[in-house]
Structures are given as structure tokens and as C-alpha cells.
Amino acid sequence: MSERKRTAVGPMYACEITPTAVIAARAAAVGDAVEQLSTRSLPAGALVPSLLTENILQREVVKEAVGKVLEAIGAQAHDVIAIVPDAACRIALLDFDTL
């Protein structure tokens, strides 16, 4: 069986930040597999997703966790997709027939 060539045009790195952990992954250059994965736990209360208040309550702890997982997957100088909790971002999709 031959390897599928990667055809995606975008960052090969992604980092998800949740209230309990920071997770980063690197996609394989060939195929559709995850090549490298790293996680760091966050202490309770370090990050609290909210549209009304500050989200990152322990800035240095979260910053260090993000830095460590990105370093572990080799993404220091590359574009990275950021995934944040739904409650931390405000997105509105509006459907207009005419403007």
C-alpha cells in the first residue's frame, strides 16, 4: 500500500488550550497521521474560559505550558493553529440575502 501524499495547505502544527491542559501536535509530512504529540497539565483555575472576564488567571503557568508543548513538537519558528475553548471566543455567523 502506498503512502498518501499530504495535500493540505496550512500549518502542520496545532495547539489546543483547555482549562485542564495544553495539547500540541505535529502532522506527518506524508499521509494523514499525527507524527508528534505533547501535553502539559494545567492546575485548576489557571485558565477559565469566559466572554465576560479574564480567561488566563495564571499567565506564566499557561505561557510555560504552551512553550513546552510547542518546543516538544518542534514548532518554535513555524505557523501554528490555535484551538481555544468555545466560551473564550465570540463568533457570529450571519446569513444575509442582501446587504
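For this structure, a couple of remarks:
- Among all positions in the range 23-40, there is at least one residue which is open to solvent by 100 Å² or more (accessible area, probe 1.4 Å) and assigned to a loop (DSSP other than H, G, I, E, B).
- Checked against (1) part of a strand (DSSP E or B); (2) at pLDDT 95 or above; (3) open to solvent by less than 90 Å² (accessible area, probe 1.4 Å), Val69 passes all but condition (1).
- Selection count, the range 52-66, where residues are open to solvent by less than 90 Å² (accessible area, probe 1.4 Å) and either within 12 Å of the chain's Cα centre (by Cα) or touching a residue at least 12 places away in the same chain (Cβ under 8 Å) (or both): 6
- Filter result (open to solvent by 100 Å² or more (accessible area, probe 1.4 Å) and modelled with pLDDT of 70 or more) within the range 79-94: Asp79, Asp86
- Only one of the numbered conditions (1) hydrophobic (A, V, I, L, M, F, W, C); (2) assigned to a loop (DSSP other than H, G, I, E, B); (3) crowded, with 16+ Cβ neighbours inside 10 Å; (4) free of Cβ contacts under 8 Å to residues at least 60 places away in the same chain is violated by Ala75, and that is (4).
- Residues in the range 1-22 that are open to solvent by 90 Å² or more (accessible area, probe 1.4 Å), closer than 20 Å to His78 by Cβ and modelled with pLDDT of 95 or more: there are none.
The values are calculated or read from the model by the stated rules, or taken from the named source; none is laboratory data. From a predicted model like this one, the values you see are computed outputs, not experimental measurements. Cβ sites come from the backbone with ideal geometry, for glycine too, and all protein chains shown count toward neighbours. Note: accessible area is taken over every heavy atom of the protein model, side chains too, but ligands, DNA and RNA are not part of it. Shrake-Rupley method; radii C 1.70, N 1.55, O 1.52, S 1.80 Å.
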